[in-house]
Amino acid sequence: MKLTNVLCIVIMLVSCSTLIGQTKSDSLQIKETVLNYLEGLNTNDYLRAEKAIHPELAKRIISTNKNGDYKLDNMPWSHLLYNIKTVDFSKMYKAGVNLEEPFKVELTIFDISKEIATVKAEQNRYAFFDYIHLGKIKGEWKIINILWAWTN
């Protein structure tokens, strides 16, 4: 078999293997779920965010002090919803953010496999981004894990 034929077969197998379980409907529902979380945070609409988040959520960030010591801070579901209700998130805006520009979220869906998905969510307003794991539970996508980091 020619090398080009082998390469074509390998490329086809790799591209097809990442599509197992992905449907356009799942992609749209995942996007809606992540938008409910981030737009709910942006407008302090905890009810909207609550629709997106599983009650056993683990939201984590790795913090490092000036000596290089690290800690893993964990924010559960109730803490996140409390913050969405009460925190002024404008204090987390990126430097020089243009408030005239509408709030935009850029999603990268890395993988959808059966009933789990991995997404990166970046937005134009806050100085952080999220890596998000979702699970499809009883036909609905829910955010189960968030690992986030500051952008500056």
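The values are calculated or read from the model by the stated rules, or taken from the named source; none is laboratory data. What you see is a predicted model, and the numbers here were worked out from it, not measured in a lab. All Cβ positions, glycine included, derive from the backbone under ideal geometry; neighbour counts span all protein chains shown. The accessibility values were calculated without ligands, DNA or RNA, using every heavy atom of the protein model including side chains. Shrake-Rupley method; radii C 1.70, N 1.55, O 1.52, S 1.80 Å.
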State which residue is nearest to the chain's Cα centre (by Cα) when the search covers only the range 54-68 and only residues that are of a type in the set (D, E, K, R) and open to solvent by 90 Å² or more (accessible area, probe 1.4 Å). E56
So the helices (runs of 4 or more DSSP H) completely within the range 17-108 holding 3 or more residues that are free of Cβ contacts under 8 Å to residues at least 40 places away in the same chain and touching a strand residue (DSSP E or B) at 6+ places or on another chain (Cβ under 7 Å) are none
Single residue of the range 79-93 satisfying the filter (of a type outside the set (A, V, I, L, M) and open to solvent by less than 70 Å² (accessible area, probe 1.4 Å)) that is nearest to R60 (Cα to Cα): N83
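Being open to solvent by 20 Å² or more (accessible area, probe 1.4 Å) and among the acidic types (D, E) is the filter here, so list the residues in the range 123-152 that pass it. Give the steps one after another, and end with the answer.
Our first condition is that a residue be open to solvent by 20 Å² or more (accessible area, probe 1.4 Å); within the range 123-152, this holds for 124-125, 129, 131, 133, 136-140, 142, 144-145, 147-152.
E140, the sole residue that qualifies.
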